[in-house]
Amino acid sequence: MIMKHTSLICCMAMAAMLCCATAGAQQPQATATTVAAGPGAKATLERFVGNISTFNRLFPQEKVYLHLDNTAYFRGETIWFSAYVVRADRPALTDMSRVLYVDLLDPTGETVATRKVKLDHGRGSGSFKLDKLLTSGFYEIRAYTRYMLNWDAAWAFSRVLPVFEAPKAEGDYSEPTMAAHDYRKRMPSARAKAGDGKARVRFFPEGGRLVMGLPSRVAFDVTGPGGEPLQAGGTLTMADGRRVAVETLREGRGVFDYTPAEGSATLTLTDSAGRWHEFELPGAEAEGCVLTVGAIEGDYVNVAVTRSKGYDEPLAMVLVNGGNVDAADILMPGERTARRRFFRPDMAPGVSQVALIDRNEDIVAERMVFVSPQAGVDTIAFRAEGSLAPCGKLALEAQTTPGVTFSLAVRDRAADANGADADAATWLLLSSELKGYIRNPQYYLEADDEEHRKAADLLMMVQGWRRYDVAQMAGSKEFVRRQPMEDGLYLFGQLHQASRRNKTAGVKLTATLYNRQGVAMGGKATTDSAGMYAFRLPDCEGEYTLLLNTTNAEGKAKNYRVGIDRNFAPAPRPVWPAETEPVPLGEARQLAVPEAGFDTLATKLSMEDRVHMIREVKVKGKRLFEKARAGWENEQRGAFKAYVRYDCDRAADEIYDAGDDTPTIFEWLAQKNPFFGGNEVDQGDEGYGLAEPQELPVEQQLSMVNEGGNLQTEVSQMEDMQTESAQDQYRGFLTRDGMSYKNRPIVWVLNNTFYMGTSTRGVSTADIVNIRAETSEEMPRWLDEYKSVYISEDEEIWRNYVEAPELARYSPVTIFLYSHHEFPAKSKGLRHTHFDGYSRVETFQMPDYSLMPPMADHRRTLYWNPAVKADKDGRARIELYNNSSCKQIAISAEGISYDGRAVVYRP
């Protein structure tokens, strides 16, 4: 949906909004005589202000928050999450979207897994099992509704988490380790780089611009090569030679007063390493206005607009919060310095925008303002009943807002590997309104004194990216609505012509879905004039096989490329260095609980308690392994020591969904990963990469016999071997041609069997000493013929498949390819693919030691509940079992009430 929304938005009455903040607010006070403007200009400005409110009513935004059970994880554990989606235009859990997408991205930006979460009144939950990760590192978990992607994808919830290697000794989390990739084994990344590789200073004139002769405040931030904040001090040299001392105040940010004049001004800074840097201030406009906001002292937020002598534009001033116009006024040209003020207790808490709009629909100045919640943040209090004993039962009593639902994690404090610096309150009131990473957001909400107001105001000036584009809302920019608001599960897309004769309009489309549990459903649709179709599905869980049949009006099958509109995930964002820094554990989230009886569990239990007899079972017969091929071609062999995995099925589906032709596997790899180089060895449609058969001397053929063979082979046997083609003897060959990886040779392993080596330089097939196992199948050509690809740079892994001592000098890379051996029979007018329903919600499992004896128990998360319901008095009771060693617990409890207020545990 593309619209220039001024054409359909009505002009709203301004009487209720002009000079009025929220209900009961003080009126802005003018300090200069108001000069009447022409009725046309005033009406135009009033219409712009009305457009903002109407736009927000028609297209309200949503915000997502995820509460996780832990702050860091180890490979093999599970990430448990509870999701909250709120409306941004009013304090309420969303009643719009019912589908939430939660992605887990690996350190390179590749999506490891996605959960499609069903939202019930704005809430949902799910989990990610971390048992199949190829490497440790910093993983990103992000969440968004499809409707949210009509705006900048930066507004998706995002959090970077450390995932450590599993501990070497079970239960020993004292020294978490993470895989380190050196330059040679650097990983291909789909992420843009954070920072530009050099230290820099960015300047942020208050309101967005400088005007000659008008005093202004200029904020700045200093960042290092990777985008990390730097503390620095220095000198501002004015155009007339005057010098003023300048220094950063917090997180590499600072502010100074500046009046532009003829000539240039420079800022010279010295960083903590003693290096000095010189930067020129941005230029100033000859005419215009300057916006100044005082948000630090007293109970008022004071706004001043100062004009240059030649600037006589009438301006509309708006105060916007949550997309709503909380206050508006028209500033007339005669007000050379117009002053307005807003009563802080009457302002909406969190981040607001002050913007000035001229009659050309341009935003001439804009500024963010932060107001701390006057009543503070709703909290959850806990007290423990009983004491902590190995595998003992513990009860917690919670007291909070009556009727609220919150999620709760109880952890072994000693096993925590990272601290927490954000929660539902900081996300709703601060982080979700500003793009970019905010370090320690809790600091800005912990107090409302002068120190914290100064820090928050500086953040507002520097972190100047806005959730709301006031110019777009006012009507000067187009709004493109590309994504639907999903109130359920849908299957829709577009047909693409397979031939020019087949028109895409009026095509009959039948959709059939079934799963392994025997559930089946189906429906029919007819494409519109653009070849579009849509199906509404009932609520369902898990993966379904999807068959899409296309026929013409007479019911005759016709071939089309049936595209499915389901590939809308945002591109991976840069990860800033501050996001990968450890957060101090601190003491704030602990709950004091008395200890009881903490002897070592192994010595406390008798041998009879620690050793359990397994009942004998008589085996009547041996069961044959029914899926030998599946066992031999297990992908765990490829995953072993690999650090990159590509899902070929998913990639092929995305290409086909867009109506494009499927590429070859080599073409796709070269496009996907920039470390691939060279050319593909093409033998036509029959296969890839096989070198021409070579006739080898008898002595070399003999040396290629498997190590377990008899080296005293009779001459007659050698003569028999000589008559056979080398291709018949060995399907794997080494060739100097073909693809390389980081300029290194590639050993290709097809379905766990050596197939070929490419880009092997001076090493030839004659240098092969032994091939561990040989394959008799051809390497498939097309991407959709493969299931997955694994890349391993381990120096030894390739030796498990081929022995060629000369090849070792070039440190070959091993690439494992796993192909489909069977495809569904292709029928005319049929597409065979899959459809994902809602992800199944797993239940957190906790041992019940009332039914089983104590045992060695190393759970770090002792208890997780995504939906604890407080009663009418605000009480909730939780019972859990301790692990075998926890002596101190950490609690993380957060929620968002139906009226959109954050509730958090802050002892």
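None of the figures in this text is laboratory data; all of them are computed from the coordinates on show. Just so it is clear, the model here is predicted, and its values are computed rather than measured. Here the Cβ is made from the backbone with ideal geometry for all residues, glycine too, and neighbour counts use every protein chain on show.
Some values worked out for this structure:
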quantity	calculated
Neighbour net charge for residue 46 - beta-carbon separation under 12 angstrom, K R +1, D E -1	+2
Cβ crowding within 10 Å averaged over residues, with 516-523, 765-772 ranked highest first	765-772, 516-523
Pairwise Cα inverse-distance average, inverted: Kirkwood Rh of segment 285-372 (Å)	13.4
Listed residue (161, 148, 78) projecting farthest to the positive dipole end of segment 72-201, Cβ model	148
Ranked list, fewest to most other Cβ atoms within 10 Å of each Cβ, for 264, 885	264, 885
Sequence ranges 545-554, 740-749, ranked by mean other-Cβ count within 10 angstrom, highest first	740-749, 545-554
Label point distance in nm, residue 658-residue 202, each placed 7 Å from Cα along Cα→Cβ	2.9
Along each principal axis, Cα extent of segment 263-328, largest first, Å	48, 33, 25
Qualifying lysines (Cα of each under 18 Å from Cα of residue 118; at least 8 residues distant if same chain)	63
Packing-based exposure ordering (other Cβ within 10 Å, fewest first) of 95, 221, 346	95, 346, 221
Packing-based order for 826-837, 233-244, using average beta carbon neighbours within 10 Å, highest first	826-837, 233-244
Sparse-neighbourhood loop sites, GluC sites (Glu not before Pro) in segment 413-498 - DSSP loop, at most 16 other Cβ within 10 angstrom	446, 478
Least to most buried among 480, 303, 160 (fewest other Cβ within 10 Å first)	480, 160, 303
DSSP-loop GluC sites (Glu not before Pro) across segment 176-281, with at most 15 other Cβ within 10 angstrom	262
Greater than 25 Å apart at Cα, pairs in 672/826; 116/168; 168/193; 524/558; 132/185	672/826; 116/168; 168/193
Under-5 Å amide H pairs with residue 157, H placed in peptide plane, nonlocal only	64, 143
